[in-house]
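To keep things clear, I will list the structure first and then write my remarks on it.
The values are calculated or read from the model by the stated rules, or taken from the named source; none is laboratory data. Quick caveat: nothing in here was measured; it's all calculated off a predicted structure. All Cβ positions, glycine included, derive from the backbone under ideal geometry; neighbour counts span all protein chains shown.
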Amino acid sequence: MALGHTRNMRQRKQPINDLTALQVREETQVNLKSALPHLLSRAISWAEAEATRGAGVGRELSERERELARKVGVTHPERIRVVAVAALRTAAEQTGFLDPGMVGLTLGYSVFICHGHETVRLLSHEFRHVYQYEQAGSVAAFLPGYLLQIVERGYASTTFEIDARAHERTDL
């Protein structure tokens, strides 16, 4: 019997216990952390290609959106392009680092937003990620630290996500 397992054999459809779930999560984090150096070049290549694609197909910001981007620190809001997408699940599955339920993703100056989710709050959050990319200097410079924090702390606890949430706005 597994450590801490007190259910009878007929009840095994649910997770054994919280300790087992924690062990699986820690093993996954260790596996991802050790694999990260090998995955980084592919992740960066994918992100740079998607950022380039987004720059070519995305829409320019309105003047009010450019002002919103400036308010959250973006130096060059005129470079931002917003791309409406049906879903971001594929990106999450391809990278293995992202939440399949996410509705916004920023890669450099390209901001991908799922249809029906384009709000001032989400745009300000994603624009703050643009600022973070600007501070890092490039997608290739930003991603290693961001992905390492996701592996070590979990998505919501990265300093980048905490910072982006702190800069969310509800008004243009």
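Of the residues making up region 150-163, those that are surrounded by 14 or more Cβ atoms within 10 Å (Cβ to Cβ) and either at pLDDT below 95 or under 11 Å from the mean Cα position of the chain (by Cα) (or both) number 7. If the condition is being surrounded by fewer than 21 Cβ atoms within 10 Å (Cβ to Cβ) and either without any contact (Cβ under 8 Å) to a residue 24 or more places away in the chain or within 14 Å of the chain's Cα centre (by Cα) (or both), then region 120-131 contributes only LEU122. At pLDDT 95 or above and either within 22 Å of GLY154 (Cα to Cα) or aliphatic (A, V, I, L, M) (or both), is that true of HIS76? Taking the combined requirement at face value, the residue does not satisfy it. Among the residues examined, LYS13 qualifies as more than 28 Å from PHE112 (Cα to Cα), basic (Lys, Arg) and either in a loop (DSSP other than H, G, I, E, B) or modelled with pLDDT under 80 (or both).
So if I check each of ARG53, ARG25, ARG66, which one is surrounded by fewer than 16 Cβ atoms within 10 Å (Cβ to Cβ) and at pLDDT 95 or above? Answer to the check: ARG53.
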